[in-house]
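The values are calculated or read from the model by the stated rules, or taken from the named source; none is laboratory data. Everything numeric in this text was worked out from a predicted model, so none of it was measured. Cβ placement follows ideal geometry from the backbone for every residue including glycine, while neighbour counts extend to all protein chains displayed.
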Amino acid sequence: MSVYAQQITDDLRQWLRSQLDAGCRPDDIVAAMRTSGWSEPAALYALKEVQPGAQLPVDIQAPATRVPEPALAEGVNLIDVDGHPVRVLMTMKHPRVVLFGGLLTDEECDALIEEARPRLARSETVVNATGGSEVNSARTSDGMFFLRGESPLIQRIENRIATLLNWPVKWGEGLQVLHYRPGAEYKPHHDYFDPAHSGTDAVLRRGGQRVGTLVMYLNTPARGGSTTFPDVALEVAAFKGNAVFFSYDKPQISTRTLHGGAPVVEGTKWVATKWLREREFN
Ligand code: PD2
Ligand code: ZN
């Protein structure tokens, strides 16, 4: 059984539909899923998703959404990620926030900036009504997206993130690099897509919700540019090579994951953001 067995993938949906089309009884389908590692509630939930009207034996609640999470046994302050040591500088439970030290080397930060620089353009934000994007005064940085696995450097960083956060590379969006000049900021927002907005359905078709964010600092701004979490009055200073991770198991403000990029006061700020989805993002 794969460790991701409890995740409802397109392959699973297809298999479930084929079983139902072939006239299999829900009980038998669930029994088959249980033999390959599914818990009964999760199997029933998956079945309900492909056949909303199905008569199932019990009333099903959605199982908790899995989220990315580093392997942090109690007291762990250093994680060896395939030979690369990553320090654990701070953890918080609610919101789930982990601050990593030395996730990227100085050379990796510099190289990422140089790969991104020629492709920077004014950053856009998602337009909730349509799911498209537009320039917005809440976000005054320049940015660009890499394709997943686009270069050997990107591959190396993506593999490290996947191992650190126990989340498959394919379930992540392409890396985004942002450059903030003095005065530039990213006003507080949530990274998940608001289910109440009409454009969200279209966005979710590609990989489901965002469930985690990793913001990697590629330089150390002279002053300003910290990442803030206003709900809990937390401020994370930007230091080259460090990264702040936070996760959200539902697209709700109760996750306390409102966060922003404070204005850069002096110097500039470079970050790379990796957003992680519920399932494969293509
Ligand atoms: O640059 C940041 O500190 C920041 C703050 C809030 C980045 C993001 N959000 C993001 O890329 O989502
Ligand atoms: Zn954000």
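Key figures for this structure:
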item: Subset tally (residues that are without any contact (Cβ under 8 Å) to a residue 24 or more places away in the chain, of a type in the set (A, V, I, L, M, F, W, C) and out of contact with any Gly (no Cβ under 8 Å at 6 or more places or on another chain)) for region 91-122; result: 0
item: Residue satisfying all of: in region 228-261; among the β-branched types (Val, Ile, Thr) and either within 11 Å of ligand 1 (Cβ to nearest atom) or farther than 21 Å from THR65 by Cα (or both); surrounded by the fewest Cβ atoms within 10 Å (Cβ to Cβ) among these; result: VAL232
item: Residue in region 206-227 that is farthest from PRO68 (Cα to Cα), counting only those that are more than 10 Å from ligand 1 (Cβ to nearest atom) and of a type in the set (D, E, K, R); result: ARG223
item: Sole residue being under 22 Å from LEU204 (Cβ atoms) and either over 20 Å from the mean Cα position of the chain (by Cα) or at pLDDT 95 or above (or both), chosen from GLU124, GLU134, GLU107, GLU115; result: GLU134
item: Residues that are away from ligand 1 (no atom under 16 Å from the Cβ) and either under 22 Å from ASN136 (Cα atoms) or surrounded by fewer than 16 Cβ atoms within 10 Å (Cβ to Cβ) (or both), drawn from region 170-203; result: LYS170, PRO195, ALA196, HIS197, SER198, GLY199, THR200, ASP201, ALA202
item: Pairs with Cβ under 7 Å, 6+ apart, first in region 172-192 and without any contact (Cβ under 8 Å) to a residue 60 or more places away in the chain, second near ligand 1 (Cβ under 10 Å from one of its atoms) and assigned to a loop (DSSP other than H, G, I, E, B); result: none
item: Cβ pairs under 8 Å, 6+ apart, first in region 206-224 and more than 25 Å from LEU153 (Cβ to Cβ) and in contact (Cβ under 8 Å) with a residue 24 or more places away in the chain, second near ligand 1 (Cβ under 10 Å from one of its atoms) and among the small types (Gly, Ala, Ser); result: GLY224/ALA262
item: Filtered residues of region 159-198 (kept if in a strand (DSSP E or B) and under 22 Å from ASN219 (Cβ atoms)); result: GLN176, VAL177, LEU178, HIS179, TYR180, TYR186, LYS187
item: In region 253-268, the residues that are of a type outside the set (A, V, I, L, M, F, W, C), within 23 Å of the chain's Cα centre (by Cα) and in a loop (DSSP other than H, G, I, E, B); result: ARG256, THR257
item: Among the candidates GLY241, GLY225, residue that is within 14 Å of ligand 2 (Cβ to nearest atom), modelled with pLDDT of 95 or more, at positive phi and not charged (D, E, K, R); result: GLY225
item: Looking only at region 205-222, and only at residues there that are more than 13 Å from the chain's Cα centre (by Cα) and more than 22 Å from LEU104 (Cβ to Cβ), the one that is surrounded by the fewest Cβ atoms within 10 Å (Cβ to Cβ); result: ARG205
item: Members of region 77-127 found to be in contact with a Ser or Thr (Cβ under 7 Å, 6 or more places away or on another chain) and of a type in the set (Gly, Ala, Ser), listed by number; result: SER123
item: Region 61-89, subset touching a residue at least 24 places away in the same chain (Cβ under 8 Å) and assigned to a strand (DSSP E or B), residue farthest from PRO41 (Cα to Cα); result: HIS84
item: Residue pairs meeting the criteria (Cβ under 7 Å; at least 6 apart or on separate chains; first more than 14 Å from ALA46 (Cα to Cα), in region 1-30; second at pLDDT below 85); result: MET1/SER36; MET1/GLY37
